[in-house]
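The values are calculated or read from the model by the stated rules, or taken from the named source; none is laboratory data. Because the structure is a prediction, the values reported are computed rather than measured. When we count neighbours, we look across all protein chains shown, and the Cβ atoms used for this are built from the backbone with ideal geometry, even at glycine.
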């Protein structure tokens, strides 16, 4: 009884909160300001230990509840709208962790990034709904905390070590830089701490039967939606290759375009005291420090971004190469007639359904008979392409495009795009692969 009373006492809360804050402060890498960290940890400690006072202000709890609930639902919905794209982002994170740690566990995580993405998308929406309706309060709060702690670690690691430049928190709808995403997670962490402090103000909004029904509907819808968008194309498309966009125009800079500006620092080490000196290139050339070999030794060269490009092209990495390595981008985009692009970024991972490949072959034959250009784009090598063509009796030509570009163009492997004069007219997921007659009737004007 004494132990139970101690664990629920204010003294124990103060001890564990201060102890946890001290551990975080000590292990935090130097990329983050210790002063800023101390302020953030101080805020968290105050909110945790001030729960008896905060809980008296129910309005604080309800404002935090609405903000967190709505943001989780929105974030989960945006990611679930492009489930495959979010799985690519998770795979990128896991590959970074695998390279940095050498642990095979992250390689296994990368292989299951798709189901992991579905779980995360669905759980964000479910937890947001549960919080707003007050269902399973304690469980919901702890799961919210666990999820935001996980994402805070991901975004901090990415920002601190400059690993993943776009977190994918809001998909292509709102690209956030790592530090921007980290501060968003910190704000959510503070709001969730307020929810814990005022959790007694969070109650179910209706009868248990109605709440259970609403929760069940929310769970089913939250799981169905990311699975649906995975098996089809995103409902809302925010990518530069979306239907109606011109790839040619996307490759052009905006009217206010200014190039990104970088600065180069030369770093030399003092052989006498071990200190290091950083110099801009102009200062470096004037100093002729390299001549004083008895005192200074070259250490490294650092290139830093001073400011990003202003109004840059939306499409910067679209290049098509023939299997012989010739750049054929301009000739492909210059085609003013209707043409079909079969997008398959990795032939080894492409859907292997023979009925699908029979549909593609039939489509190709009818398109070529109608004198329409049909070409496949892949990032796989010539040997893989040759093997693929023999396996599926594919008579169409292949060209090489970067895998990341192809993943962005169509969230399907394979997928089909209808292009005219460099403009995206229509695109299809392989689960909805069309017949040539339907495409000609609906999308190709005479």
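Go through the stretch 390-421 and count every residue that is part of a loop (DSSP other than H, G, I, E, B) and either surrounded by fewer than 18 Cβ atoms within 10 Å (Cβ to Cβ) or without any contact (Cβ under 8 Å) to a residue 60 or more places away in the chain (or both). Don't jump to the end; show me each part of the working.
Looking only at the stretch 390-421, we keep the residues that are part of a loop (DSSP other than H, G, I, E, B), and these are 393-396, 401-402, 410-414, 421.
After this cut, where a residue has to be either surrounded by fewer than 18 Cβ atoms within 10 Å (Cβ to Cβ) or without any contact (Cβ under 8 Å) to a residue 60 or more places away in the chain (or both) as well, the list is 393-396, 402, 421.
Result for the stretch 390-421: 6.
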Task: Set 254, 250, 244: member being outside the structural domain of residue 131 (by TED's automatic domain parsing), exposed (fewer than 13 other Cβ atoms within 10 Å of the Cβ), closer than 30 Å to residue 410 by Cβ and in contact (Cβ under 8 Å) with a residue 60 or more places away in the chain - done: 244
TODO: Any chance you could count how many residues in the stretch 426-446 are surrounded by fewer than 16 Cβ atoms within 10 Å (Cβ to Cβ), out of contact with any strand residue (DSSP E or B) (no Cβ under 7 Å at 6 or more places or on another chain) and either assigned to a helix (DSSP H, G or I) or without any contact (Cβ under 8 Å) to a residue 12 or more places away in the chain (or both)?
DONE: 8
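Quick grid of which residues meet (1) assigned to a loop (DSSP other than H, G, I, E, B); (2) modelled with pLDDT under 90; (3) out of contact with any helix residue (DSSP H, G or I) (no Cβ under 8 Å at 6 or more places or on another chain):
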{"site": "325", "(1), (2), (3)": "yes, yes, yes"}
{"site": "331", "(1), (2), (3)": "no, no, yes"}
{"site": "342", "(1), (2), (3)": "no, no, no"}
{"site": "351", "(1), (2), (3)": "yes, yes, no"}
{"site": "356", "(1), (2), (3)": "no, no, no"}
{"site": "361", "(1), (2), (3)": "no, no, no"}
{"site": "371", "(1), (2), (3)": "yes, no, yes"}
{"site": "377", "(1), (2), (3)": "no, no, no"}
{"site": "388", "(1), (2), (3)": "no, no, no"}
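Restricting attention to the stretch 130-156, which residues are over 23 Å from the mean Cα position of the chain (by Cα), part of a helix (DSSP H, G or I) and either touching a residue at least 12 places away in the same chain (Cβ under 8 Å) or under 19 Å from residue 20 (Cα atoms) (or both)?
Pass one, the stretch 130-156, residues over 23 Å from the mean Cα position of the chain (by Cα): 130-142.
Checking the rest, the ones that are also part of a helix (DSSP H, G or I) come to 130-133, 137-142.
Listed by number, the residues that qualify are 130, 131, 132, 133, 137, 138, 140, 141, 142.
May I ask you to say which residue of 347, 323, 342 is exposed (fewer than 15 other Cβ atoms within 10 Å of the Cβ), over 30 Å from residue 266 (Cβ atoms) and not assigned by TED's automatic domain parsing to the domain that holds residue 266? Break it down into steps so the answer makes sense when it comes.
Values: 347 fails: exposed (fewer than 15 other Cβ atoms within 10 Å of the Cβ); 342 fails: exposed (fewer than 15 other Cβ atoms within 10 Å of the Cβ).
Within the list 347, 323, 342, the selection yields 323.
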- [ ] Name every residue in the stretch 216-245 that is within 19 Å of residue 404 (Cα to Cα) and not in a loop (DSSP other than H, G, I, E, B), in order of residue number.
- [x] 230
TODO: Spot the failing condition for residue 294; the list is (1) in contact (Cβ under 8 Å) with a residue 12 or more places away in the chain; (2) within 25 Å of residue 394 (Cβ to Cβ); (3) more than 25 Å from the chain's Cα centre (by Cα), and only one is missed.
DONE: (2)
Task: Checking residue 384 against (1) assigned to a helix (DSSP H, G or I); (2) out of contact with any helix residue (DSSP H, G or I) (no Cβ under 8 Å at 6 or more places or on another chain); (3) over 14 Å from residue 405 (Cβ atoms), the condition it does not meet - done: (2)
Open item on the list: Please go through (1) modelled with pLDDT under 90; (2) exposed (fewer than 13 other Cβ atoms within 10 Å of the Cβ) for residue 312 and return the number of the only condition it doesn't satisfy.
Closed with: (2)
TODO: Just give me the residues in the stretch 254-263 being touching a strand residue (DSSP E or B) at 6+ places or on another chain (Cβ under 9 Å) and part of a loop (DSSP other than H, G, I, E, B), in sequence order.
DONE: 254, 256, 257, 259, 260
Open item on the list: Is it the case, given these coordinates, that residue 89 is over 26 Å from the mean Cα position of the chain (by Cα) and at pLDDT below 90?
Closed with: no
